Amino acid sequence: MAQLSSNEWNDATWNPVTGCTKISPGCKHCYAERMAKRLQSMGQPRYRDGFRVTLQPDVIEQPLSWKKPRLVFVNSMSDLFHDEVPLRYLRMVFEVMSAAHWHVFQVLTKRSERLAEVACSLFWPQNVWMGVSIENQACTDRIDHLRRVPAAVRFLSVEPLLGRIRKLPLKDIDWVIVGGESGPNARPIDPNWVREIRNECVLANVPFFFKQWGGVIKSTTGRVLDGRTWDELPQKQIPSRTKNNQTSYLTLGLPAG
């Protein structure tokens, strides 16, 4: 349930939960649902129920076996804060992330109300970054829920960006990722939507990462915005291991510009 990631902003994925349900417009063409159905048709036992929410407790301790520090995207095939994921299981996941202190874990949810509801029942170590998905103006209320979470890094994943977002709220936000939808039936993205968010991030000194233009074949559209790529990361320290297996610290991040 873990693999190297093809995302530009993390190194690996870890899926202690698989499966999800649709709750907002960004879910319409869910890549994880397509992948789950494909794996089900191939006879992959973890997806015998397709995209139904399924706990995968046998992989919950897997990050502890990875000795080299990684940026780990948690639940690329689900939403950790889905209502069908019990609080006791959430606590187990957070305990593992805390114990695996040499990694950085990036958790992303659309279920920001539940996130805010249970946040006080979870231990938030410094190596857990928490984000919410924002696909249009109507979803920006998720940011208020995120601000109530005591995460070391709070980030926004503005993808798939489906419409103009006026004055994206950036107070207490440490990082913004923007991207267009990709895959079959991908909905179009307006470059000016992206520029507006980029400009607001620059003015607010919030690191901005442009992931992709997307499209049916995303490799043909690339990720260059106004003549350059935007690869900024939060200016935070993350634990690393030296040759002597002693903890040292690396600073992630690029200067705004």
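The values are calculated or read from the model by the stated rules, or taken from the named source; none is laboratory data. Values in this document were obtained by computation on a predicted structure and should not be read as measured data. As a convention, Cβ positions derive from the backbone with ideal geometry for all residues, glycine included, and neighbour counts pool all protein chains shown. These area figures cover heavy atoms from the full protein model, side chains too; ligands, DNA and RNA do not enter into them. Shrake-Rupley method; radii C 1.70, N 1.55, O 1.52, S 1.80 Å.
Would you call Phe51 open to solvent by less than 10 Å² (accessible area, probe 1.4 Å) and in a loop (DSSP other than H, G, I, E, B)? Don't jump to the end; show me each part of the working.
Details: open to solvent by less than 10 Å² (accessible area, probe 1.4 Å): no; in a loop (DSSP other than H, G, I, E, B): yes.
The answer is no for Phe51.
Determine, yes or no, whether Asp58 is part of a helix (DSSP H, G or I), open to solvent by 20 Å² or more (accessible area, probe 1.4 Å), at pLDDT 95 or above and closer than 13 Å to Val17 by Cα. Walk me through it before giving the result.
Details: part of a helix (DSSP H, G or I): yes; open to solvent by 20 Å² or more (accessible area, probe 1.4 Å): yes; at pLDDT 95 or above: yes; closer than 13 Å to Val17 by Cα: yes.
The answer is yes for Asp58.
If you scan segment 212-227, which residues turn out to be touching a residue at least 40 places away in the same chain (Cβ under 8 Å) and open to solvent by 30 Å² or more (accessible area, probe 1.4 Å)?
Thr221, Arg223 - these are the residues of segment 212-227 that are touching a residue at least 40 places away in the same chain (Cβ under 8 Å) and open to solvent by 30 Å² or more (accessible area, probe 1.4 Å).
Take segment 112-160 and flag every residue that is within 22 Å of Glu232 (Cα to Cα) and basic (Lys, Arg).
Arg147, Arg154, listed by residue number.
The conditions are (1) open to solvent by 20 Å² or more (accessible area, probe 1.4 Å); (2) part of a helix (DSSP H, G or I); (3) modelled with pLDDT of 95 or more; (4) not β-branched (Val, Ile, Thr), and Pro63 fails exactly one of them. Which is it?
Against the list (1) open to solvent by 20 Å² or more (accessible area, probe 1.4 Å); (2) part of a helix (DSSP H, G or I); (3) modelled with pLDDT of 95 or more; (4) not β-branched (Val, Ile, Thr), Pro63 comes up short only on (1).
Taking only pairs six or more apart or across chains, which ones have beta-carbon atoms under 8 Å, a first residue in segment 26-38 that is within 11 Å of Ser182 (Cα to Cα) and aromatic (Phe, Trp, Tyr), and a second residue that is open to solvent by less than 70 Å² (accessible area, probe 1.4 Å) and not in a helix (DSSP H, G or I)?
Close Cβ pairs satisfying both conditions: Tyr31/Ser182; Tyr31/Gly183.
Filter segment 109-155 for residues that are in contact with a helix residue (DSSP H, G or I) (Cβ under 7 Å, 6 or more places away or on another chain) and within 15 Å of Gly179 (Cα to Cα); which is most open to solvent (accessible area, probe 1.4 Å)?
So the residue we want is Asn136.
Does Glu95 meet the test of being part of a helix (DSSP H, G or I), among the acidic types (Asp, Glu), at pLDDT 95 or above and under 19 Å from Leu64 (Cβ atoms)? Working first, answer last.
Working: part of a helix (DSSP H, G or I): yes; among the acidic types (Asp, Glu): yes; at pLDDT 95 or above: yes; under 19 Å from Leu64 (Cβ atoms): yes.
Criteria met by Glu95.
In segment 16-48, which residue that is more than 19 Å from the chain's Cα centre (by Cα) and open to solvent by 70 Å² or more (accessible area, probe 1.4 Å) is farthest from Leu161 (Cα to Cα)? Give the steps one after another, and end with the answer.
Going residue by residue through segment 16-48, those that are more than 19 Å from the chain's Cα centre (by Cα) are 37-48.
Narrowing further to those that are open to solvent by 70 Å² or more (accessible area, probe 1.4 Å): 37-38, 40-42, 45, 48.
On the way: Lys37: 25, Arg38: 25, Gln40: 29, Ser41: 30, Met42: 31, Pro45: 33, Arg48: 32 Å.
So, considering only residues that are more than 19 Å from the chain's Cα centre (by Cα) and open to solvent by 70 Å² or more (accessible area, probe 1.4 Å), the one farthest from Leu161 (Cα to Cα) is Pro45.
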